Amino acid sequence: MSTTYAQFKVGTLSYSGSIDFESFYNYLHGWLSNKHYKITEHSFKEDQRKQEVSFNWVASKGITDEITFEIKAKFHITGIKPHAGKWIANIKAVVNADVEFESYNPSNDNIPMTMMKRFIGKYIHIGAYDDWRGLLHKEAGEFYNEIGVVLELHKRAIKV
């Protein structure tokens, strides 16, 4: 059983311009993979009639046996117009992040060990969790910035 220790919104990014969707998608997926995140795509929807695509990712990385980082990204692409094999579109990206840790279940332990684990969890691990939260905030921020950079590069590379 896990408990969320810290949640925060990293940011919302809006973009309007040209995009090579396949390279955009693959680049961001690769960026997270290179940082050792396991990416799960919770949904991918394409509506050709409305000319839109949306997908949600949850990228997880086990830091220790007890701590997991999660970066959650939602992408919504609208107003898609094909142009020279690429797209002209509007993109909205929302990035959030969580630090989760395994809850301690004392039901199967003996009394002295339970008391020691509670003491360690209460007084020693909290400071470490704050350090982990800071690291996740940095990594999630880098991912958010990377989205902006890759979109700007697409805008410059694909002239309309």
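Values quoted throughout were computed directly from the atomic coordinates according to the rules given, and no laboratory measurement underlies them. Note that the coordinates shown come from a computational prediction; the quantities given were computed from them, not determined experimentally. Cβ atoms come from the backbone with ideal geometry, glycine included; neighbour counts cover every protein chain shown.
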What's the FRET efficiency of His36 with Lys81 using the Cβ-Cβ distance as r and R₀ = 35 Å, to the nearest 0.05?
0.45
Paramagnetic reach from Asp130 in segment 6-48 [backbone N under 15 Å; point 7 Å along Cα→Cβ]:
6
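So if each residue of separation counts as 0.36 nm, and I subtract the Cα-Cα distance between His29 and Ser60, what length gain in nm does that give?
Working: separation 31, 0.36 × 31 = 11.16 nm, distance 1.24 nm.
Extra length from His29 to Ser60 when fully extended: 9.9 nm.
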